[in-house]
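The values are calculated or read from the model by the stated rules, or taken from the named source; none is laboratory data. Nothing here was measured: the structure is a model prediction, and the numbers come from that model. So basically every Cβ, Gly included, is an ideal-geometry build from the backbone, and we count neighbours across all protein chains shown.
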Amino acid sequence: MRHMMEKLGQVLQLGGMKKDIVFLTLSGVAIVCSLLGFSPFPFDMAWIAIILCGIPIILEALIGLVTAFDIKADVLVSMALIASVLIGEDFAAGEVAFIMQLGGLLEELTVARARAGIEKLVHLTPQTARVLRDGKEQVIPAQDVRVGDRLRVLPGEGIPVDGVIISGQTSINQAVMTGESLPVDKAAGDEVSSGTVNQFGVFEMEATKVGEDSSIQRMIRLVQSADAGKARIVGIADRWATWIVVTALVAAALTWLFTGEIIRAVTILVVFCPCALVLATPTAIMAAIGNVTRHGFLVRDGGALERLSAVRIIAFDKTGTLTHGTPKVVMVASTSPGRTADEVYRLASAAEQYSEHPLGKAIVDCHEKESSQALPPVEDFRMIPGRGVHACVEGRQVLAGNPELLLEHGIIMTAPLEAIKHLERGCTITYVAVDGELAGWIALSDTIRDEARGMVRSLSRLGVVPVLLTGDHGNAARAIASQLHIQEVKANCLPEDKLEAIDAYQAQGQTVCMIGDGINDAPALKKADVGIAMGGVGSDIAVDAADIALVNDDVKELPHLVALSKRMMTTIKCNMTFSMVLNFIAIALAISGILDPVVGALVHNAGSVLVITNSAVLLRWKGKQDD
C-alpha cells in the first residue's frame with residue numbers, strides 16, 4: 001500500500017506548473033459560473049474545481065498520511081472539502097480547492113522567480129566540444145571530454161570544460177563566473193573556466209577539470225542545493241501546523257457537539273487551515289535568496305540566512321578577501337646617486353622577465369602597466385631558487401632578490417631606513433644590484449580592495465564586529481587592520497588557530513560568520529555558524545565548505561547580505577504573527593456563526609495570498625547601504 005502511494009505521488013508531480021495553470025483557469029471559470037448560477041450541465045459547475053483542484057489535495061494528504069504519517073495542512077483542507085460536499089456546500093468546497101491551489105501556484109511562482117535569478121549567474125555548460133585527436137578535429141559531447149584532452153575553441157563559443165590555454169590569444173567573457181562586465185585577455189598558460197565565452201581569437205587548451213569537477217557544474221550544484229526547507233524556523237512552523245490541525249479538529253468537534261450545527265464545524269475546518277503559517281517562512285527565504293543572487297551570492301542553505309541575521313562577529317581572512325591577494329609594487333627607491341628610481345625599476349623588471357616567482361612576475365606586470373616602453377632583451381638569465389634572479393641587461397649584470405642573494409655575490413648590504421620601515425608595514429623588499437653594487441630596492445605589498453573600507457564601516461553600523469584572522473605576520477596584519485579600522489586582530493594563524501578562535505567566540509555565546517577564500521580557511525568556514533567563501537578567487541575546497549559563495553568577490557555587497565537577512569527574519573515574524581492572528585479571529589467568527597464556509601474560505605485564503613505577496617517584496621528590497 002505504501003509503495004503504491006509513493007508511486008501515485010510521483011505521478012501527481014508530473015506536469016508541473018503548466019498543468020496547474022490550466023487546471024486553475026478551468027476551475028476559475030467554473031467557480032464564476034457556479035456563483036452566477038449558470039450551468040450547462042446537470043451538476044453544479046463547482047464540481048469542476050472540486051475535481052481538478054480538490055482531488056489532488058486529497059490525494060496528497062492521503063499519500064502523506066500513509067507513507068510518512070505526515071499530518072500537515074492538506075489533511076485539514078481535505079477534511080474541509082469532504083465535509084463541505086457532504087452537507088451540500090458544493091460552491092464552498094470548490095472555492096476552497098481553487099484558492100488553495102492558487103496560493104500554491106503563487107508560492108511556486110515566487111520560488112521560480114528566485115531560482116530564475118540564480119540561473120542567470122550560471123549558464124548551462126556547452127553541449128559539445130572540439131577535441132583534437134590524432135591531428136584531427138572531432139566534435140564530441142562535452143561530457144565525453146577527458147582530462148588531458150586537447151581542445152580547440154572558436155570565437156563566440158562557450159568553453160566546455162576547465163583548462164589551460166596551450167596556444168593562441170583571446171579575450172574571455174567571464175561574467176557568468178566572476179560578474180566582470182569587461183572581457184579578460186588570455187594567452188598561453190592562462191586558465192579558463194567552463195561556461196565562460198570565447199569572444200575573439202581561436203585558441204587551443206588542455207582540459208584539467210571535466211564533468212562534475214568543472215567550475216560551471218560546481219556552481220550549478222550550489223544552485224540546486226539552495227533549499228529553504230533546511231532553515232530551523234521552517235521546522236518550527238511545520239510543528240505548529242501539526243498542532244493546529246489537531247486543535248482544529250477538536251474545536252470543530254466541540255462546536256458541532258454544543259451547537260448542533262455542522263456547518264459551523266465545517267467553517268472552522270476551512271478557516272483553521274495553517275496554510276499561511278506554513279507559507280510564511282519558505283516564501284520569504286526563497287525570495288531573499290533570489291534578491292542576494294542579483295548581488296553576486298549563491299546561497300546553498302536557506303538556514304544560513306536565518307543564522308546570519310543573528311551574527312554579531314564577522315571574522316575575515318586577509319589575503320584574497322580584504323586584499324586583492326596579489327602583490328603590487330608600492331614603492332621603488334634608488335640607493336645609487338647615479339641612478340634614478342625609474343632606471344632601477346626598469347632594469348629589475350627586465351631581469352625578472354623570465355622569472356616564475358610570484359614577486360618577480362608582479363614586478364614585471366606592474367612595470368608593464370605603468371610604462372609604455374618595452375623592456376630590453378635579456379641574456380644569461382638564471383633563476384636562483386630561494387634567492388632571486390641574475391641576468392645581463394643592456395650589457396650590465398643585474399641581480400634582483402633577497403639580501404642573501406646579494407651577500408653571496410659579495411655585495412655589501414647597506415639597507416636604507418626606508419626599506420626597514422616598509423618591512424615593518426608588511427611590505428616585501430626585492431633588492432636590486434647592478435654591476436656588483438647595490439642600486440636600490442622595490443617594495444611590494446598586497447593591496448586593500450578599494451571597497452573594503454566602506455564595507456567594514458557599513459557592517460559596523462549594522463551592529464557587527466569585524467575581526468581579522470590571518471596567517472600573515474603581526475606587522476602586516478596590523479597594518480591592514482589599522483587602515484580598515486578593525487580593532488581585533490589575530491595574526492600568524494594556522495588553520496587550526498582560526499578554528500580555535502571561532503570556537504572560542506562561540507563558547508562565549510557569540511554567533512560567528514567566517515569569510516575566506518583559501519584551502520586553509522575551509523575548516524573555519526565549516527566551523528562558523530555561517531561560512532562565506534570568495535567564489536571567484538577562492539579554492540574549490542573553501543567554496544564547498546561554505547554556506548554562501550560570493551561569486552564575483554565584490555565584498556561591498558556583504559552589508560546588503562547581512563541587512564537583507566535581518567529584513568527577512570522581520571518579514572517571517574510578521575507573516576507568522578499575521579497568519580496566527582487571522583486564524584484565531586476567523587475561528588471566533590466561525591464558532592459564533594458569523595462566517596459560513598464560503599466566506600471563511602475567502603478570508604483564510606486571502607491571508608495566504610497576502611503572506612506570499614509580503615514575502616515577494618523581498619525580491620526587490622534595497623537597504624540604506626545600497627544607496
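Do any helices (runs of 4 or more DSSP H) lying entirely in the range 294-408 carry at least 1 residues that are over 44 Å from the mean Cα position of the chain (by Cα) and not acidic (Asp, Glu), and which ones are they?
Fully inside the range 294-408 and qualifying: 341-351, 403-408.
Does Ala341 count as outside the structural domain of Asp521 (by TED's automatic domain parsing) and either modelled with pLDDT of 90 or more or out of contact with any strand residue (DSSP E or B) (no Cβ under 7 Å at 6 or more places or on another chain) (or both)?
Yes.
Has the range 295-305 got at least one residue that is small (Gly, Ala, Ser), closer than 25 Å to Met455 by Cβ and touching a Pro at 6+ places or on another chain (Cβ under 9 Å)? Reasoning before the result, please.
Kept after step one, since they are small (Gly, Ala, Ser), are these residues of the range 295-305: 296, 302-304.
Next, from what is left, pick out any that are closer than 25 Å to Met455 by Cβ: 296, 302-304.
Then keep just the ones that are touching a Pro at 6+ places or on another chain (Cβ under 9 Å); that gives 302.
So far as the range 295-305 goes, yes, one or more of its residues are small (Gly, Ala, Ser), closer than 25 Å to Met455 by Cβ and touching a Pro at 6+ places or on another chain (Cβ under 9 Å).
Tell me, please, whether a residue that is surrounded by fewer than 24 Cβ atoms within 10 Å (Cβ to Cβ), of a type in the set (Lys, Arg), more than 24 Å from Ile412 (Cβ to Cβ) and modelled with pLDDT of 85 or more can be found in the range 317-332.
yes
Being part of a helix (DSSP H, G or I) and surrounded by fewer than 16 Cβ atoms within 10 Å (Cβ to Cβ) is the filter; apply it to the range 29-61 and report the residue that is nearest to the chain's Cα centre (by Cα).
Checked the range 29-61; the qualifying residue nearest to the chain's Cα centre (by Cα) is Ile55.
Please indicate, with yes or no, whether at least one residue in the range 6-19 is small (Gly, Ala, Ser), at pLDDT below 80 and touching an Asp or Glu at 6+ places or on another chain (Cβ under 7 Å). So that I can check it myself, show each step before the final result.
Just the residues of the range 6-19 that are small (Gly, Ala, Ser), to begin with: 9, 15-16.
Adding the requirement that they be at pLDDT below 80 leaves 9, 15-16.
Those still in the list that are touching an Asp or Glu at 6+ places or on another chain (Cβ under 7 Å) too: none.
Within the range 6-19, none of the residues are small (Gly, Ala, Ser), at pLDDT below 80 and touching an Asp or Glu at 6+ places or on another chain (Cβ under 7 Å).
Note down all Cβ pairs under 7 Å where the first residue falls in the range 486-503 and is part of a helix (DSSP H, G or I), the second is exposed (fewer than 13 other Cβ atoms within 10 Å of the Cβ), and they're at least six residues apart or on different chains.
Within 7 Å, no pair qualifies.
Kindly indicate whether Leu76 is at pLDDT 75 or above and under 21 Å from Thr242 (Cβ atoms).
Numbers: at pLDDT 75 or above: no; under 21 Å from Thr242 (Cβ atoms): yes.
So Leu76 fails the test.
Quickly run through the range 567-622 and pick out the residues that are in contact with a Lys or Arg (Cβ under 9 Å, 6 or more places away or on another chain), in a helix (DSSP H, G or I) and closer than 25 Å to Val85 by Cβ.
Ala590, Ile591
In the range 404-453, how many are at pLDDT 80 or above, charged (D, E, K, R) and out of contact with any Leu (no Cβ under 9 Å at 6 or more places or on another chain)?
Counting residues in the range 404-453 that are at pLDDT 80 or above, charged (D, E, K, R) and out of contact with any Leu (no Cβ under 9 Å at 6 or more places or on another chain) gives 6.
Checking the conditions here, which among Ser336, Ser349 is buried (at least 24 other Cβ atoms within 10 Å of the Cβ) and in contact (Cβ under 8 Å) with a residue 24 or more places away in the chain?
Sole residue among the options that is buried (at least 24 other Cβ atoms within 10 Å of the Cβ) and in contact (Cβ under 8 Å) with a residue 24 or more places away in the chain: Ser349.
Given the conditions (1) surrounded by 20 or more Cβ atoms within 10 Å (Cβ to Cβ); (2) over 31 Å from the mean Cα position of the chain (by Cα); (3) not in a strand (DSSP E or B), which single one is not true for Leu444?
Among (1) surrounded by 20 or more Cβ atoms within 10 Å (Cβ to Cβ); (2) over 31 Å from the mean Cα position of the chain (by Cα); (3) not in a strand (DSSP E or B), Leu444 violates only (3).
Among the numbered criteria (1) in the same structural domain as Val512 (by TED's automatic domain parsing); (2) buried (at least 20 other Cβ atoms within 10 Å of the Cβ), which single criterion is violated by Asp554?
Of (1) in the same structural domain as Val512 (by TED's automatic domain parsing); (2) buried (at least 20 other Cβ atoms within 10 Å of the Cβ), only one is false for Asp554: (2).
Rundown of residues vs (1) farther than 24 Å from Ser565 by Cβ; (2) at pLDDT 80 or above; (3) crowded, with 19+ Cβ neighbours inside 10 Å; (4) of a type in the set (Ser, Thr, Tyr), yes/no style:
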site: Ser194; (1), (2), (3), (4): yes, yes, yes, yes
site: Phe200; (1), (2), (3), (4): yes, no, no, no
site: Ile216; (1), (2), (3), (4): yes, no, yes, no
site: Ala226; (1), (2), (3), (4): no, no, yes, no
site: Lys230; (1), (2), (3), (4): no, no, no, no
site: Val271; (1), (2), (3), (4): yes, no, yes, no
site: Val278; (1), (2), (3), (4): no, no, yes, no
site: Ala284; (1), (2), (3), (4): no, yes, yes, no
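Before we move on, is Leu254 at pLDDT 80 or above and either of a type in the set (A, V, I, L, M) or assigned by TED's automatic domain parsing to the domain that holds Val609 (or both)?
For Leu254, the condition - at pLDDT 80 or above and either of a type in the set (A, V, I, L, M) or assigned by TED's automatic domain parsing to the domain that holds Val609 (or both) - is met.
If I ask for residues that are in contact with a Lys or Arg (Cβ under 8 Å, 6 or more places away or on another chain) and farther than 18 Å from Asp446 by Cα, which ones from the range 328-375 would you list?
Leu347, Glu352, Ser355, Ser371, Gln373, Leu375
Please state which of the following conditions Val344 fails to meet, knowing it meets all the rest: (1) free of Cβ contacts under 8 Å to residues at least 24 places away in the same chain; (2) crowded, with 22+ Cβ neighbours inside 10 Å.
So Val344 meets the others, but not (1).
Say we look at the range 454-483 and pick out the residues that are at pLDDT 90 or above and part of a helix (DSSP H, G or I); which of these is farthest from Ala310 (Cα to Cα)?
Residue satisfying both the conditions and the ranking: Gly454.
Look at the range 379-394 and say how many of its residues are at pLDDT below 90 and crowded, with 16+ Cβ neighbours inside 10 Å.
Number of matching residues: 3.
Has the range 242-260 got at least one residue that is closer than 30 Å to Trp621 by Cα and part of a helix (DSSP H, G or I)?
no
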